[in-house]
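Peer 1: Okay, here's the structure, questions in a sec.
The values are calculated or read from the model by the stated rules, or taken from the named source; none is laboratory data. Predicted, not measured: the structure shown is a model, and the values here were computed from it. Neighbour counts run over all protein chains shown; Cβ positions are idealised from the backbone, glycine included.
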Amino acid sequence: MPFPPAISILLCLLDRSRPAASQGGKIVGSGNVVLGVRTCAALNEQFSASQCRAWPGWGSDPASIGTVGIRNKISYTAFGSQTFYAGKVAGIERPGNFFEGWTVGSYDSSSLSYPEWCGDNGNEGAPNGWTGFRNFNLQTCRINRKRGEYAKSQVKCRMKGAKRNFLKVTHKYLPVAGQPDLYQVEVKIRNLKSETTAISDLRYRRSFDWNVDPYALHEYVTHHGTSSCSDVVKSIAYGQCHPDPNPDNGCSFGVSGDFTDTGPADLGSTLEFKLGPLQGKKTKTVRFYYGLSHPDGGSKTSEQKMKDALAAVGANVYSLGQAHYNHNTGYPYTFGFGYSCSRPQEEGDGDNAPLRNDYSWVNRNKNINCMTDPKVLCTGDNRIEGLLMCPRSCSAYCRDVSPECSTKMCDEWRLKFDCFKTCGLCYAAGNGDQCAVSTE
């Protein structure tokens, strides 16, 4: 049973009195974004001058918080007057308040519980210092950094009392080409159990407490796209959540679904995603985006810039955090977290392997879902790319260009979609990927 709101709030206040424990994590930055990544992949790592010395203005912690979550990497002068110096504007970190983290788990709908789970949170790991991560079923954690821009965290998960690890979770934080206001968070989840032992309902949760300068603890929060995305099973304006989802540890109240400019209050976001089944020895990949934007000095507000950046990467589900004044424009900064609403695919072998979850493949350029929009996806001048199993829902629309593909069981055929083409080339499984029918 979830804690009553009053008890949950009291627990959160007690949590804030604890300092953040360093995990020996990494601080990375590119474009306009700096992230502090803990060894076990949550944000809010202790400031390190040695990791930031190459950036102007970062000889010491510019915001004097001591912990880096999401910051502005470069200075910005608003409309030729007020200057927001590099590293001064924080999005989630605040002295004594380091709520940002993730949870991965298997969900059991019959008991409404998570039999196996693991996770990390900057605010919750402190009581036991560096070894505290084992409280959250993380058996090992390690991280590396490249060029000051890229961080990769790998963890292995084991339930208490168990003899073997059940998941390997890899988080990569990397810049987004052409989008200086965004960082991509690529998450790979591998089922370490035997090939015959599947996870029937894999879940991933991300929680973060927006603390947006210059008036932290008084934010406006917006959620968009969560109500129309079947991947999203939880969406609330509250981010002070414990990694353990059993019970919900106070993470079950607050404004839910989609909403615009809720606040001002000490708010955040918790978004939980249903990733579907995961077979043993298989991996699923899902991608998220963190970032911040400031006005362009002209007519475009920081809010619109963040929305445009998220749209450019196909992130149609998002949370925005904004300061409590001028929140309708997001001045001076808008912080964002985004997700592209399409179920992640199981990995094959190699870069050109087929994507297995054919029922939910999406044309990411135009957000066309193969299951709900097969005719649009497979006809006309849509940009369709990739090699995947011939989708059942699309097969009926492939007759004009590839008759054999529509008459065979789709699980036995591969369909190659060519950019700017309709349903392209049909490949026979077990035939060395030789083209069976050509459309050219």
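Peer 1: Residue 284: surrounded by fewer than 17 Cβ atoms within 10 Å (Cβ to Cβ) and within 14 Å of the chain's Cα centre (by Cα), yes or no?
Peer 2: no
Peer 1: Within region 224-249, how many residues turn out to be in contact (Cβ under 8 Å) with a residue 60 or more places away in the chain and β-branched (Val, Ile, Thr)?
Peer 2: 2
Peer 1: Okay, moving on. Going by what's in this entry, would residue 270 be described as within 16 Å of residue 337 (Cβ to Cβ) and surrounded by fewer than 16 Cβ atoms within 10 Å (Cβ to Cβ)?
Peer 2: No, not satisfied.
Peer 1: Same structure again: Give the residue that is modelled with the highest pLDDT, with candidates limited to residues of region 66-83 that are farther than 22 Å from residue 149 by Cβ and either in contact with a Pro (Cβ under 6 Å, 6 or more places away or on another chain) or not in a strand (DSSP E or B) (or both).
Peer 2: Among them, the one singled out is 66.
Peer 1: Could you check, for region 235-250, whether at least one of its residues is surrounded by 19 or more Cβ atoms within 10 Å (Cβ to Cβ), part of a strand (DSSP E or B) and small (Gly, Ala, Ser)?
Peer 2: Yes: region 235-250 contains one or more residues that are surrounded by 19 or more Cβ atoms within 10 Å (Cβ to Cβ), part of a strand (DSSP E or B) and small (Gly, Ala, Ser).
Peer 1: While we're on this one: Here is a check on your reading of the model: is residue 355 modelled with pLDDT of 90 or more, of a type outside the set (Asp, Glu) and either closer than 30 Å to residue 150 by Cα or not assigned by TED's automatic domain parsing to the domain that holds residue 154 (or both)?
Peer 2: No; evaluated as a whole, the condition is false for this residue.
Peer 1: Hey, another quick one. Being modelled with pLDDT of 90 or more, over 21 Å from the mean Cα position of the chain (by Cα), in the same structural domain as residue 107 (by TED's automatic domain parsing) and surrounded by fewer than 17 Cβ atoms within 10 Å (Cβ to Cβ): is that true of residue 164 here?
Peer 2: So residue 164 fits the description; yes.
Peer 1: I'm told residue 249 meets every condition in (1) modelled with pLDDT under 90; (2) closer than 16 Å to residue 98 by Cα except one. Can you identify the failing condition by its number?
Peer 2: (2)
Peer 1: Could I ask something else about it? Looking for something within 30 Å of residue 333 (Cα to Cα) and of a type in the set (Val, Ile, Thr) - is there at least one such residue anywhere in region 137-147?
Peer 2: Yes, region 137-147 contains at least one residue that is within 30 Å of residue 333 (Cα to Cα) and of a type in the set (Val, Ile, Thr).
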